[in-house]
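Each remark here refers to the structure printed beneath this line.
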Amino acid sequence: MVPPGVYAPQQDTALLARALSDESVPVGAAVLDVGTGTGALALAAARRGGRVTAVDVSWRAVFAARVNAARAGLRIRVLHGDLFAPVRGESFDLVLANPPYVPAPGGRRRPRGAARAWDAGPNGRMVLDGICREVPSLLRPGGVLLLVQSALSDPGRTVGQLRAAGLKAAVVRRARIAFGPVMRGRERWLRQRGLLSTTDQEEELVIIRAELAV
């Protein structure tokens, strides 16, 4: 179920789900899905035997994830809140993150409504930098972060910040996808910023995997 205003699972969701399928998820492993949307990734982790907590800043998304979990017969704890605020003091074996990462015009004002799922400030890092700062304290020894972002929002900076925090981090998957409605709507602005060439018609998505040493 995808209510109006809730981010529908798309290619970035599928790419992150494929990365999840490469991970060993022991039964009972503590999993956090931050920015869960409809709960698609949380459900995938629960089917693998994970003990899943899902978080979203949108009440509509929280409702959708709870309903989708109930329909699937899976037990998932779904919390409302911004990023990691609802799980302060907890730790996890696996963190999944599909944050907003699309560069957006309009300065650093916080997006509203459905745009909260994709708009991420002029450099696309309004949320990514916060994840890089906070996720190391949420991971258990041997814990893993799987994060999807656009190549437009500087994956090298993400990897560098995670490594500086003591994690082993690298890009492990890449995929090129045709522009969707959001990218098409700001294609001219992105070209003016030099984030797209005059011939680019596809966006590159990457999966970053980061692991905290045991």
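Values quoted throughout were computed directly from the atomic coordinates according to the rules given, and no laboratory measurement underlies them. Here the structure is a predicted model, which means the values were calculated and not measured. FYI the Cβ positions are ideal-geometry reconstructions off the backbone, even for glycines, and counts take in every protein chain you see.
Amide H contacts of VAL95 (H built 1.01 Å from N, in plane; Pro and chain starts excluded): LEU32, VAL144, LEU145, LEU146 sit under 5 Å, all sequence-distant by 5 or more or on other chains. Selection among SER24, GLY50, MET1 by position relative to the dipole of region 1-116 gives MET1 as farthest towards the positive end (Cβ unit charges, Cα centre).
Between the amide H of LEU139 and those of PHE92, distances stay under 5 Å, these residues lying 5 or more places away or on another chain, with hydrogens modeled in the peptide plane. If a/c stays under 1.5 just call it rounded; otherwise compare a/b with b/c (prolate if a/b is bigger, oblate if not). Do that for region 1-101, with a ≥ b ≥ c from the square roots of the Cα gyration tensor eigenvalues. Rounded, since a/c falls under 1.5. The angle between the Cα long axis of helix 155-164 and the main principal axis of the chain comes to about 50°, on a 0 to 90 degree scale. Sequentially through region 3-15, phi angles give Karplus couplings (6.51, -1.76, 1.60; θ = phi - 60°) of x, x, x, 9, 5, 7, x, 10, 4, 5, 4, 5, 5 Hz, Gly and Pro residues having no value and appearing as x. Using the Cα coordinates of region 48-113, the gyration tensor eigenvalues translate into equivalent-ellipsoid semi-axes of 25, 15, 11 Å, sorted from longest to shortest.
In this Cβ point-charge picture (+1 for Lys and Arg, -1 for Asp and Glu), region 1-91 has a dipole of about 360 debye about its Cα centre. For the chain, a simple Cβ point-charge model (Lys and Arg +1, Asp and Glu -1, everything else neutral) yields a dipole of about 340 debye relative to the Cα centre.
In this simple spin-label model, placing a label point 7 Å from the Cα along the Cα-to-Cβ direction at both ALA175 and THR199 gives a separation of 2.5 nm. Sorting the segments 56-69, 10-23 by their residues' average number of neighbouring beta-carbon atoms within 10 angstrom, most packed first, yields 56-69, 10-23.
Once you sort the root eigenvalues of the Cα gyration tensor of region 66-165 as a ≥ b ≥ c, which label holds: rounded (a/c under 1.5), prolate (a/b larger than b/c) or oblate (the other case)? Taking the square roots of the gyration eigenvalues as a ≥ b ≥ c, region 66-165 is oblate.
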